[in-house]
């Protein structure tokens, strides 16, 4: 049921869904957990291998910065947390920190600055910034699985398992040969979506209430 739900969300939000053979859809799923330093998020990679057949892969990852950078931000304004949304053609195959192949930022993305220098992720009180901020998609250790995020993410989207990442790169290379070195990344944050839904319900209820008051006033003064 995961795939239909993700497709439904992409459609409802008006996001692009790639359907050509081996054209990657890269979707980050941010967990409900607000404690940092854990690989408790997921990267969903899916594509069509045949006209009517989808291939779907789920990998453990983090979409949030680790504790080290939350306490010791690179910028005085605070550590970057990538904002949910779809970033069309915002990534390309390049070198992460000039060291190894990864997907690197090629167009502006939007982040939230966590400025209070504690060990908790702050999604509500930081301010947004859009630009070229080095928010890449890469791995943690070069071999094996990594258990804690620590310094591996200062806002990047990071695979926990090196083998998963190598497999992902193979898919990305195939995509690039067929369609060019451009990749779209979509980040879904179900907590943020739930807040948006509750906000819409509250606004709708308030609007309905005002309408009923106006109707009542008009009717009794007719």
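The values are calculated or read from the model by the stated rules, or taken from the named source; none is laboratory data. Computed from a predicted model, the values in this text were never measured in an experiment. Note that each Cβ is placed from the backbone with ideal geometry, even for glycine, and that neighbours are counted across all protein chains shown.
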- prompt: Which fully enclosed strands (runs of 3 or more DSSP E) of region 21-93 have 1 or more residues being without any contact (Cβ under 8 Å) to a residue 40 or more places away in the chain and crowded, with 18+ Cβ neighbours inside 10 Å?
  reply: 41-50
field: Cross-chain or 6+ apart pairs with Cβ under 7 Å, region 148-169 first and on the phi > 0 side of the Ramachandran plot and in contact (Cβ under 8 Å) with a residue 40 or more places away in the chain, then surrounded by 19 or more Cβ atoms within 10 Å (Cβ to Cβ) and in a strand (DSSP E or B)
entry: 155/79; 155/80; 155/81; 155/82; 155/111
query: Which of the residues spanning region 154-166 are within 27 Å of residue 110 (Cα to Cα), out of contact with any helix residue (DSSP H, G or I) (no Cβ under 6 Å at 6 or more places or on another chain) and modelled with pLDDT of 95 or more?
result: 156, 157, 160, 161, 162, 164, 165, 166
Complete set of residues in region 131-155 that are surrounded by fewer than 16 Cβ atoms within 10 Å (Cβ to Cβ) and in a loop (DSSP other than H, G, I, E, B): 132, 134, 141, 142, 143, 144, 147
- request: Answer yes if at least one residue in region 14-22 is more than 16 Å from residue 86 (Cβ to Cβ), touching a strand residue (DSSP E or B) at 6+ places or on another chain (Cβ under 7 Å) and at pLDDT below 95, and no otherwise.
  value: no
message: Of the conditions (1) in contact with a helix residue (DSSP H, G or I) (Cβ under 7 Å, 6 or more places away or on another chain); (2) surrounded by fewer than 17 Cβ atoms within 10 Å (Cβ to Cβ); (3) at pLDDT 90 or above, residue 98 satisfies every one except a single condition; which number is it?
response: (1)
message: As an exercise: evaluate residue 110 against (1) farther than 14 Å from residue 156 by Cα; (2) modelled with pLDDT of 95 or more; (3) surrounded by 14 or more Cβ atoms within 10 Å (Cβ to Cβ) and give the number of the one condition it does not meet.
response: (1)
Residue 104 being free of Cβ contacts under 8 Å to residues at least 40 places away in the same chain, under 19 Å from residue 164 (Cβ atoms) and surrounded by 13 or more Cβ atoms within 10 Å (Cβ to Cβ): yes
